[in-house]
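I have placed the structure first, in the form of structure tokens, so that the comments after it can refer back to it.
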Amino acid sequence: MGELAELEERVAVIDAYIEPIATRPVDLTDPDWTRKMREGPRPLDEAGIRPEAEAALRDVLSLYEEGDEGDRAALRALLRRYHSFTWATTLPFEPTPQGFRQRLMEISVEDQGRDTRDMMVDLNGLCEEARAAGVDIRPLLLEVAELSSEVDKYGMGSTRDILLRAAGREPGGLW
């Protein structure tokens, strides 16, 4: 079994554990629903699979960075198929150049997910946080943009375009 196929098998199993949590109904009529969501256990912890999920994401990011464009396209497609994994799994952000770059790589492989606007809000916040920690974000945005998709999925620009736009507006971010 190839590395990508083995990685997909791992992500699929993790996705299956998380899916019931990710798709569980939320009672929006409950006035405390947001507090309950914030204070409740994180999905990976609730499912008891945080170490496995984070290890799988690290392997996705490693193959994404080391592979060629075909590998990167296959990994983007893999994360499109496994929504629950993508929704629940992120690595802790460290306010360092490497930590910022790692989060940019996650943004790149997720390739806007289901909504470009959410990705842009996340990117803007991430840039603010990294900048506040003294990270020179522009070179890292440019570097990760080179690995990112050029497909304009939702009419707001490709992931590459959005990262380049953020780099061009540094220090202001996207808006």
**Asked** Among Gly40, Gly99, Gly134, which one moves the most in a GNM of the chain with springs linking Cα atoms closer than 10 Å?
**Response** Gly40
**Prompt:** Rule-of-thumb check for the chain: C-alpha Rg over 2.2 N^0.38 Å?
**Reply:** 1.06
**Message:** At 1.4 Å probe radius, can you tell me the per residue accessible area of the range 1-63 in Å²?
**Reply:** 65 Å²
**Request:** Just reorder Trp87, Trp33 by solvent-accessible area, largest first, 1.4 Å probe, all chains present.
**Result:** Trp87, Trp33
**Asked** Residue by residue, what Karplus-based ³J(HN,Hα) values in Hz, rounded to whole numbers, does the range 120-133 have, using 6.51, -1.76 and 1.60 with θ = phi - 60° and x for Gly and Pro?
**Response** 5, 5, 4, 4, 4, x, 4, 4, 4, 5, 5, 4, 4, 8
**Asked** Taking springs between alpha-carbon atoms closer than 10 angstrom, which of Leu28, Leu163, Leu142 fluctuates most in the Gaussian network model of the chain?
**Response** Leu28
**Request:** Heavy atoms only, probe 1.4 angstrom, no DNA, RNA or ligands counted: give me Lys153, Lys36 ranked by accessible area, highest first.
**Result:** Lys36, Lys153
**Message:** Test of understanding: in a Gaussian network model of the chain with alpha carbons linked when under 10 Å, which of Asp111, Asp15, Asp27 would top the mean-square fluctuation ranking?
**Reply:** Asp27
**Asked** Solvent-accessible area per residue for the range 115-173 at a 1.4 Å probe radius, Å²?
**Response** 49 Å²
**Prompt:** So for the pair Met156, Glu6, with labels modelled 7 Å out along Cα→Cβ, what separation do we get in nm?
**Reply:** 3.7 nm
**Prompt:** Of Gly70, Ala132, Ala88, whose Cα points farthest to the positive end of the dipole of the chain (charges on the beta-carbon: +1 Lys, Arg; -1 Asp, Glu; origin at the Cα centre)?
**Reply:** Ala132
**Asked** Based on the Cβ-Cβ distance of Glu69 and Arg38, what FRET efficiency does E = 1/(1 + (r/R0)^6) give at R0 = 35 Å, to the nearest 0.05?
**Response** 0.35
**Prompt:** Could you give the nm distance between label points at Asp30 and Asp122, where each point is 7 Å from its Cα heading toward the beta carbon?
**Reply:** 2.5 nm
**Item:** Fraction of accessible area attributable to carbon and sulfur, the range 9-124 (%, probe 1.4 Å)
**Value:** 53 percent
**Message:** Under the 0.36 nm per residue contour assumption, what length would be gained going from the current alpha-carbon distance of Arg80 and Ala22 to full extension?
**Reply:** 19.4 nm
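The values are calculated or read from the model by the stated rules, or taken from the named source; none is laboratory data. Since this is a predicted model, take the numbers as computed values, not measurements. Positions of Cβ are backbone-derived with ideal geometry, glycine not excepted, and every protein chain shown enters the neighbour counts. The accessibility values were calculated without ligands, DNA or RNA, using every heavy atom of the protein model including side chains. Shrake-Rupley method; radii C 1.70, N 1.55, O 1.52, S 1.80 Å.
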